[in-house]
1. Could you tell me which numbered condition residue 226 fails, if it satisfies all but one of (1) open to solvent by 10 Å² or more (accessible area, probe 1.4 Å); (2) in a strand (DSSP E or B)?
2. Test residue 66 against the stated conditions and say whether it is touching a Pro at 6+ places or on another chain (Cβ under 9 Å), of a type in the set (A, V, I, L, M, F, W, C), surrounded by fewer than 17 Cβ atoms within 10 Å (Cβ to Cβ) and at pLDDT below 90.
3. For segment 109-121, which residues satisfy the criterion of being in a loop (DSSP other than H, G, I, E, B), surrounded by fewer than 19 Cβ atoms within 10 Å (Cβ to Cβ) and among the acidic types (Asp, Glu)?
4. Please pick out the residue among 196, 255, 244, 261 that is at pLDDT 95 or above and touching a helix residue (DSSP H, G or I) at 6+ places or on another chain (Cβ under 7 Å).
5. State all residues of segment 257-295 that are under 18 Å from residue 238 (Cα atoms) and of a type in the set (Gly, Ala, Ser); if no residue qualifies, say none.
6. Counting just the residues of segment 304-324 that are hydroxyl-bearing (Ser, Thr, Tyr) and more than 16 Å from residue 254 (Cα to Cα), which one comes out most open to solvent (accessible area, probe 1.4 Å)?
7. Which members of segment 163-193 meet the condition of being assigned to a loop (DSSP other than H, G, I, E, B) and either within 19 Å of the chain's Cα centre (by Cα) or under 24 Å from residue 307 (Cβ atoms) (or both)?
Amino acid sequence: MRRPSRILPVPVVVALIGLAATAPACLPEYEGPGDDDAADDDGADDDAADDDGADDDAADDDATEAPPEDGDGDGVPASEGDCDDADPNVYPYAWEDLSDGVDNDCDGAVDYEDGDLVTQFTLYDDDYREIGIGGFVFPFCGEAWTSVWFIDNGRVTFGTHATSYSESASSFLSAASPPSIAPWWDDLLTEDGTLAYSESEGALALYWIGVSQNPLGGDDPDSNTLTVVLLADGRFRVHLGGMAAQDGLVGWSCATNATVAETDLTALVDAVPPGSRGIGRGTEDAVYEVFSGTAPDLGDLAGRGLTFCSRTGVDADHDSWTDNCGDCDDGDGSVHPGQGC
């Protein structure tokens with residue numbers, strides 16, 4: 001039986017140490033390794049039949065840079081501030097573990113030596129809290145947002161709250177739902193975990209630490225850890241720590257296009273083209289994956305981080321890539337990530 005919500009207590013602020021364009025109907029299929037075109041040109045002679053040994057696509061060789069390497073799979077390469085690219089629990093704005101002797105959030109201070117301001121609060125079953133975005137305005141789904149709604153059931157919504165605990169693709173995409181980001185949308189119990197947020201000039205970090213899934217028949221004693229980091233440049237990151245939940249939904253939606261098909265997020269991470277600034281071209285309506293069944297179903301995302309570039313920026317040349325998401329020449333439709341950028 002679900003427990004009724006109670007009155008939200010006054011939050012406690014503690015000094016913890018560390019702490020667009022018209023969108024296509026569905027997610028574009030990124031080209032992966034092995035495609036015989038300029039998008040994945042590796043300098044080889046693609047026209048060997050002419051037997052001159054020349055690289056006929058040489059014009060693209062130096063224009064397309066390889067994506068930055070993310071050695072630990074936390075979604076943040078060293079070039080974007082990951083101070084330990086061998087540890088997936090260490091990245092900018094990560095939750096600071098005060099007892100492990102590690103600078104988890106890559107701000108140069110360890111454990112209690114750090115004075116980052118973190119606001120902890122309590123939410124009860126199917127509860128929510130509005131949080132202001134300090135220091136910047138976050139662009140998402142064609143609007144500029146100055147606040148978000150933190151939902152205890154593993155969602156971040158924009159414009160209004162949505163307390164549903166029944167995750168489904170149809171509801172996620174429906175115009176009846178608000179635009180949202182789902183680090184792990186599911187029926188979660190957060191009273192025994194830690195909920196918090198941390199504001200900085202360039203990011204807003206939202207934390208669900210050690211929260212339980214609420215299965216039929218009783219509470220699950222195992223815990224789940226989720227983090228969402230909204231970045232001032234319009235991108236956002238989803239980090240999944242230890243995960244015990246057996247079903248849920250991960251992704252984002254502008255709640256404007258019910259026909260967007262589910263995708264394989266792991267496959268998208270592996271196929272992000274050179275020059276892209278994350279998963280997405282900036283013109284999609286939604287990107288998401290639904291997990292169901294048993295815990296191994298989420299094994300490819302547990303302990304990982306994903307950087308998304310959602311609907312943001314301008315696509316002036318109508319090549320389906322926006323300037324914010326990596327189009328280095330938005331006046332030339334033949335140039336975009338994977339093709340010259």
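1. Among (1) open to solvent by 10 Å² or more (accessible area, probe 1.4 Å); (2) in a strand (DSSP E or B), the lone unmet condition for residue 226 is (1).
2. Working: touching a Pro at 6+ places or on another chain (Cβ under 9 Å): yes; of a type in the set (A, V, I, L, M, F, W, C): yes; surrounded by fewer than 17 Cβ atoms within 10 Å (Cβ to Cβ): yes; at pLDDT below 90: yes.
When the stated conditions are applied, residue 66 passes them.
3. Taking segment 109-121 as the starting set, the residues that turn out to be in a loop (DSSP other than H, G, I, E, B) are 109-110, 114-116.
Right, trim to surrounded by fewer than 19 Cβ atoms within 10 Å (Cβ to Cβ) and you get 109-110, 115-116.
Residue satisfying the conditions is 116 alone.
4. Values: 196 fails: touching a helix residue (DSSP H, G or I) at 6+ places or on another chain (Cβ under 7 Å); 244 fails: at pLDDT 95 or above; 261 fails: touching a helix residue (DSSP H, G or I) at 6+ places or on another chain (Cβ under 7 Å).
On inspection, the qualifying residue turns out to be 255.
5. Residues satisfying the conditions are 267, 271, 276, 278, 280, 282, 286.
6. Step one: filter segment 304-324 for residues hydroxyl-bearing (Ser, Thr, Tyr), giving 307, 310, 312, 320, 322.
The next check asks that each one be more than 16 Å from residue 254 (Cα to Cα); those that pass are 307, 320, 322.
On the way: 307: 17, 320: 33, 322: 0 Å².
In this case the residue turns out to be 320.
7. Of segment 163-193, the ones assigned to a loop (DSSP other than H, G, I, E, B) are 163-168, 174-179, 186-187, 190-193.
If the condition is that a residue be assigned to a loop (DSSP other than H, G, I, E, B) and either within 19 Å of the chain's Cα centre (by Cα) or under 24 Å from residue 307 (Cβ atoms) (or both), then 167, 168, 177, 178, 179, 186 are the ones that fit.
Quick grid of which residues meet (1) open to solvent by 30 Å² or more (accessible area, probe 1.4 Å); (2) not hydroxyl-bearing (Ser, Thr, Tyr):
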| residue | (1), (2) |
| --- | --- |
| 123 | no, yes |
| 128 | yes, no |
| 132 | yes, yes |
| 143 | yes, yes |
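The values are calculated or read from the model by the stated rules, or taken from the named source; none is laboratory data. Not measured: the values here are computed from a predicted model. Neighbour counts run over all protein chains shown; Cβ positions are idealised from the backbone, glycine included. All accessible areas refer to the heavy atoms of the entire protein, side chains included, with ligands and DNA or RNA removed. Shrake-Rupley method; radii C 1.70, N 1.55, O 1.52, S 1.80 Å.
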